[in-house]
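Please read the structure below before turning to the comments.
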Amino acid sequence: MDAVTLERILVANRGEIACRIIRGVQAMGRRAVAVYSEADRDAPHVHLADAAECIGPPPAAASYLDVEAILQAARAAGADAIHPGYGFLAENAAFARACAGEDITFIGPSPHSIEVMGNKAAAKRRMIEAGVPCVPGYEGEDQRDDAFHAAARDIGFPVMVKAAAGGGGRGMRRVDTEEGLAAALSLARGEAENAFGSAELILEKAIPRPRHVEIQIFADDHGNVIHLGERDCSVQRRHQKVVEEAPCPVMTGALRDAMGSAAVEAARSIDYRGAGTVEFLLEEHGSFYFLEMNTRLQVEHPVTEMVTGTDLVAMQIRVAEGRPLDLRQEQVRIRGHAIEARLYAEDPARDFMPATGRIAWWLPPSGEGIRVDDGVVTGTEIPPYYDPMIAKIVAWGETRDAARLRLIRALEHTALFGIANNRDFLIRILESADFAAGRATTDFIEEQETLLPATQARDGAIAAVLQYVLAGESALAAAVDVAPALSGWSSAGDLTSRYVYEIGGERLGVAVSAAGDRRYGVAGDGRQWSVSLLRREPGRARMMIDDRTLDVLFHLVRPGLIHLSVEGRTGTFEDLRETVATAEESGGSRITAAMHGLLAELCVARGDRVVRGSRLLVLEAMKMQHEVKAAIDGVVRAVHCEAGRQVAADELLLEIEPAEQGAARVAGTHTGGHP
């Protein structure tokens with residue numbers, strides 16, 4: 001085919017991958033068109049693109065998954081190509097075929113290739129024909145329970161029940177005995193039908209403690225097929241990848257050649273074109289088995305780009321234009337090591353429940369060897385309609401340990417305040433001895449119980465240090481109007497600020513006394529510290545506690561409420577004294593939500609009489625439970641909420657008629673644990 005030049009490329013996606021592709025398109029001198037739902041009207045990818053088209057209401061089914069809406073946006077923008085990114089319509093053969101019908105280039109493989117590899121049963125049968133090693137299993141058309149029971153007995157337990165039409169852990173169950181198979185089949189069918197519109201299942205032999213290793217392949221329309229090495233994606237929870245790296249820690253040259261050749265043969269067998277990933281399970285003794293093929297760009301593609309020096313998006317565009325690959329297999333070189341961590345808006349302490357709300361402060365890391373693919377800014381609202389991934393933080397180093405340590409430091413210098421997230425969880429993964437030694441398998445997270453905050457030992461010393469930092473920063477943020485030269489001097493004695501916090505259900509008093517220029521004495525929990533503020537800038541501070549230097553990230557939400565990050569631990573702290581004082585001073589009969597969260601409990605009804613301190617409601621947000629109490633006596637005049645519902649920041653919840661002239665306010669109490 002003759003090569004063409006794609007000049008105006010519509011990116012049919014959102015979030016970090018939309019931003020990544022838009023930047024790649026623009027770097028090639030082409031125009032990038034964004035699409036957005038009404039929920040994403042002010043999203044960063046919309047502002048980054050050269051043009052943008054609205055494609056419908058917030059739900060994905062009515063916008064990002066609406067084929068006609070995407071095509072109409074392409075027509076309106078005059079786009080000559082569409083890049084689907086990953087997720088949404090990226091592996092939708094009907095969409096690829098519809099693009100061709102509109103004479104719009106689909107930047108991806110042919111509809112035929114997508115269809116063949118989109119069904120696990122069909123894909124596995126094709127791979128067996130092509131001689132690619134496959135996990136022993138059952139891919140038969142007979143979907144009755146009896147057929148699965150017979151096949152499972154032949155395969156041998158444990159087995160994996162999987163949805164034939166999808167992935168991402170949906171419709172997947174491990175079954176250890178035949179007694180549990182019937183229930184697993186029923187559950188998997190229901191999940192598969194809901195997620196993919198097909199209840200077809202397959203069985204596979206469960207490989208004990210394997211590694212999940214995938215090969216990045218690339219093919220053009222001129223018969224060239226190459227691989228760009230492998231990625232180890234073994235660190236997963238519920239079959240969803242969390243941390244990925246390249247190269248695989250246990251890879252050898254001979255094993256890479258064998259897996260790479262199998263992946264290339266898989267691509268050749270279906271006349272593949274463009275970027276694709278062939279995924280394998282790797283046993284400890286070196287045997288590997290075909291798992292599936294993803295006919296798109298992968299979330300974890302940055303680690304391959306960083307160790308090979310390639311730009312996979314640019315390669316996709318050139319191949320879609322009909323140009324041959326400008327890289328031969330013998331020219332592929334792997335240099336150093338790269339590790340990627342997926343930063344999610346989710347709460348590890350609440351079984352990784354996705355979080356929504358407004359980002360109070362986003363501070364991505366920077367520095368040598370650090371790459372950040374993100375799609376948010378400070379103030380971005382995280383809606384409940386889409387995948388909760390916020391960003392990918394990637395580090396490169398000459399060695400694996402250099403990359404690992406660089407990524408830990410990068411995450412420690414990342415601030416994502418105002419919304420629950422897994423940053424601290426990622427740091428604990430990278431710090432664990434098994435990960436550091438390269439021993440992680442797909443069972444890693446389940447085996448490492450101390451990764452989860454609910455099981456992490458409470459360190460009183462760290463909690464006390466965090467309390468100190470909070471008190472010190474609150475004192476500074478409160479802008480005590482004293483010149484540095486006069487700090488610590490008063491005709492009435494030492495200047496002391498007092499604070500009260502609630503940690504783990506217990507109240508802790510902290511006193512901060514000025515001791516000179518940027519020096520403080522801190523007392524609390526029966527201990528004392530000498531503290532110096534070495535450096536401070538917006539959102540950042542370097543402090544010395546006794547002889548220990550700490551870097552602190554912080555965001556003052558309002559007087560008395562602060563987000564803090566210290567050495568990989570994040571917490572939100574509220575000074576009860578200041579909150580109560582503020583409430584008493586300013587009044588307020590309108591009770592509003594201080595932040596996005598779940599209204600876990602509603603304790604009053606319209607017409608109820610309340611007195612100062614009465615419990616009004618409990619709001620769950622940002623890894624904590626917040627009791628909201630009445631600040632004055634009064635009567636509940638109106639109730640605008642109900643228990644069990646998500647509420648937005650500043651949403652009106654209750655109205656209280658004061659018993660006396662004046663307004664009512666509330667005092668919020670932090671009843672969660674310290675980080």
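The values are calculated or read from the model by the stated rules, or taken from the named source; none is laboratory data. Predicted model, so just to flag it, every value in this text is computed and none were measured. Neighbour counts are summed over all protein chains in view; Cβ atoms, including those assigned to glycine, are modelled from backbone coordinates with ideal geometry. We work out accessible area using only protein heavy atoms, side chains counted, and drop any ligands, DNA or RNA first. Shrake-Rupley method; radii C 1.70, N 1.55, O 1.52, S 1.80 Å.
At-a-glance table
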{"quantity": "Those residues of segment 193-209 which are assigned to a helix (DSSP H, G or I) and either surrounded by 18 or more Cβ atoms within 10 Å (Cβ to Cβ) or touching a His at 6+ places or on another chain (Cβ under 9 Å) (or both), in sequence order", "calculated": "Phe196"}
{"quantity": "Residues of segment 1-55 satisfying the condition of being in contact with a Pro (Cβ under 7 Å, 6 or more places away or on another chain) and assigned to a strand (DSSP E or B)", "calculated": "Ser37"}
{"quantity": "Qualifying positions in segment 654-672 - modelled with pLDDT of 70 or more and surrounded by fewer than 21 Cβ atoms within 10 Å (Cβ to Cβ)", "calculated": "Glu655, Glu657, Pro658, Ala659"}
{"quantity": "Evaluation of Gly15 against (1) modelled with pLDDT of 95 or more; (2) surrounded by fewer than 18 Cβ atoms within 10 Å (Cβ to Cβ); (3) under 21 Å from the mean Cα position of the chain (by Cα) (one fails), failing number", "calculated": "(2)"}
{"quantity": "Residues (surrounded by fewer than 18 Cβ atoms within 10 Å (Cβ to Cβ) and free of Cβ contacts under 8 Å to residues at least 24 places away in the same chain) located in segment 177-192", "calculated": "Thr177, Glu179, Gly180, Ala183, Ser186, Leu187, Gly190"}
{"quantity": "Residue list for segment 19-41, restricted to those being open to solvent by less than 10 Å² (accessible area, probe 1.4 Å), touching a Leu at 6+ places or on another chain (Cβ under 8 Å) and in contact (Cβ under 8 Å) with a residue 60 or more places away in the chain", "calculated": "Cys19"}
{"quantity": "Checklist (1) modelled with pLDDT of 80 or more; (2) assigned to a strand (DSSP E or B) applied to His626, failing item", "calculated": "(1)"}
{"quantity": "Residue satisfying condition, being within 30 Å of the chain's Cα centre (by Cα), of a type in the set (Val, Ile, Thr) and closer than 30 Å to Asp221 by Cα, within set Ile128, Ile114", "calculated": "Ile114"}
{"quantity": "Positions within segment 173-187 being assigned to a helix (DSSP H, G or I) and closer than 19 Å to Glu139 by Cβ, in sequence order", "calculated": "Leu181, Ala184, Leu185"}
{"quantity": "All positions within segment 511-543 that are open to solvent by 60 Å² or more (accessible area, probe 1.4 Å) and assigned to a strand (DSSP E or B)", "calculated": "Arg519, Arg527, Gln528, Ser530, Leu534, Arg535, Arg536, Glu537, Arg540, Arg542"}
{"quantity": "Residues satisfying the stated conditions in segment 94-124, i.e. open to solvent by less than 10 Å² (accessible area, probe 1.4 Å), closer than 24 Å to Arg323 by Cβ, not polar (S, T, N, Q) and not in a loop (DSSP other than H, G, I, E, B)", "calculated": "Phe95, Ala96, Cys99, Ile114"}
{"quantity": "Filter result for the condition that a residue is in a helix (DSSP H, G or I) and out of contact with any strand residue (DSSP E or B) (no Cβ under 9 Å at 6 or more places or on another chain), over Gly223, Gly190", "calculated": "Gly190"}
{"quantity": "Ala263, sole failed condition from (1) in a helix (DSSP H, G or I); (2) touching a Phe, Trp or Tyr at 6+ places or on another chain (Cβ under 6 Å)", "calculated": "(2)"}
{"quantity": "Of all residues making up segment 131-173, the number that are β-branched (Val, Ile, Thr) and touching a helix residue (DSSP H, G or I) at 6+ places or on another chain (Cβ under 6 Å)", "calculated": "3"}
{"quantity": "Conditions (1) over 18 Å from Gly87 (Cα atoms); (2) out of contact with any His (no Cβ under 9 Å at 6 or more places or on another chain); number of the one not met by Ala52", "calculated": "(2)"}
{"quantity": "Scope segment 550-574; condition modelled with pLDDT of 70 or more and in a loop (DSSP other than H, G, I, E, B); matching residues", "calculated": "Glu567, Gly568"}
{"quantity": "Subset of segment 53-73 (residues that are open to solvent by 10 Å² or more (accessible area, probe 1.4 Å), within 24 Å of the chain's Cα centre (by Cα) and either at pLDDT below 95 or not aliphatic (A, V, I, L, M) (or both))", "calculated": "Pro57, Pro58, Pro59, Ala60, Ala61"}
{"quantity": "Residues of segment 232-287 satisfying the condition of being touching a Pro at 6+ places or on another chain (Cβ under 7 Å), more than 30 Å from Leu343 (Cβ to Cβ) and open to solvent by less than 50 Å² (accessible area, probe 1.4 Å)", "calculated": "Ala262, Tyr272, Glu283"}
{"quantity": "Residue match in segment 293-309 (condition: small (Gly, Ala, Ser) and in a helix (DSSP H, G or I))", "calculated": "no"}
{"quantity": "Test: residue in segment 352-370 that is touching a helix residue (DSSP H, G or I) at 6+ places or on another chain (Cβ under 9 Å) and modelled with pLDDT under 95", "calculated": "yes"}
{"quantity": "Filter pass, Ala76 being in a helix (DSSP H, G or I), open to solvent by 50 Å² or more (accessible area, probe 1.4 Å) and either under 25 Å from Pro210 (Cα atoms) or not acidic (Asp, Glu) (or both)", "calculated": "yes"}
{"quantity": "Residue within segment 93-102 that is in contact with a helix residue (DSSP H, G or I) (Cβ under 9 Å, 6 or more places away or on another chain), at pLDDT 95 or above and basic (Lys, Arg) present", "calculated": "yes"}
{"quantity": "Members of segment 80-93 found to be within 31 Å of the chain's Cα centre (by Cα), in a loop (DSSP other than H, G, I, E, B) and touching a residue at least 40 places away in the same chain (Cβ under 8 Å), listed by number", "calculated": "Pro84, Gly85, Tyr86, Gly87, Phe88, Leu89, Ala90, Glu91"}
{"quantity": "Condition check for Ala123: of a type in the set (Gly, Ala, Ser) and under 26 Å from the mean Cα position of the chain (by Cα)", "calculated": "no"}
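Conditions (1) in contact (Cβ under 8 Å) with a residue 40 or more places away in the chain; (2) crowded, with 17+ Cβ neighbours inside 10 Å; (3) closer than 21 Å to Ser110 by Cβ, marked per residue:
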residue: Val303; (1), (2), (3): yes, yes, no
residue: Thr308; (1), (2), (3): yes, yes, no
residue: Gln316; (1), (2), (3): yes, yes, yes
residue: Gln329; (1), (2), (3): yes, no, no
residue: Gly336; (1), (2), (3): yes, no, no
residue: Glu340; (1), (2), (3): yes, yes, no
residue: Arg350; (1), (2), (3): yes, no, no
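Residues are listed down the side, and each one gets a yes or a no for (1) among the hydrophobic types (A, V, I, L, M, F, W, C); (2) touching a Ser or Thr at 6+ places or on another chain (Cβ under 9 Å); (3) at pLDDT 95 or above; (4) open to solvent by less than 30 Å² (accessible area, probe 1.4 Å):
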position	(1), (2), (3), (4)
Asp401	no, no, yes, no
Ile419	yes, yes, no, yes
Asp424	no, yes, no, yes
Glu431	no, no, yes, no
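Every residue, every condition in (1) exposed (fewer than 15 other Cβ atoms within 10 Å of the Cβ); (2) of a type in the set (Val, Ile, Thr), yes or no:
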site: Met127; (1), (2): no, no
site: Val135; (1), (2): no, yes
site: Asp142; (1), (2): yes, no
site: Asp146; (1), (2): yes, no
site: Ala152; (1), (2): no, no
site: Val161; (1), (2): no, yes
